[in-house]
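Participant: Pasting a structure below so you can have a look.
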Amino acid sequence: MSAIMKARESAVRAAFVAWDPLSVFHPLKPGDDTIDGIRDEYDDLVLPVLGRIQRGESSAEIAAFIETMLDEDYGLGPGFGDRATGLIDALQGWWAVESKRQT
């Protein structure tokens, strides 16, 4: 994996950690997100969401994917797709800039 791809994956991971729908990172102090077993909590979402953003899927499509994953894999129930709007908007804005970098 290229350094740019690793950086992109890291950026998406950081966005999920900041959003933290499971509240596993709160009330941890800044810098505590490297505790064993916690840093990778949302890794199963990182690459699929990054791929969807790279392919230009709509916010609604990405929200539906996130909602399905959080319901089926995390047991959070419906409604998290709507709560992911800020996360998706931030990631799409980030990608608009990031995609112009050389790979």
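Participant: Got a sec to turn the phi values of region 40-49 into Karplus ³J(HN,Hα) couplings, 6.51 cos²θ - 1.76 cosθ + 1.60 with θ = phi - 60°, whole Hz, x for Gly and Pro?
Facilitator: Here the 3J(HN,Hα) series is 9, 3, 9, 4, 6, 9, 4, 5, x, 5 Hz.
Participant: Tell me, what does the Kirkwood hydrodynamic radius of region 60-103 come to in angstroms if you use every pair of distinct C-alpha atoms?
Facilitator: Kirkwood radius, region 60-103: 11.3 Å.
Here, each number is a calculation from the coordinates, and none is a lab measurement. Predicted model only: the values in this text are computed from it and were never measured.
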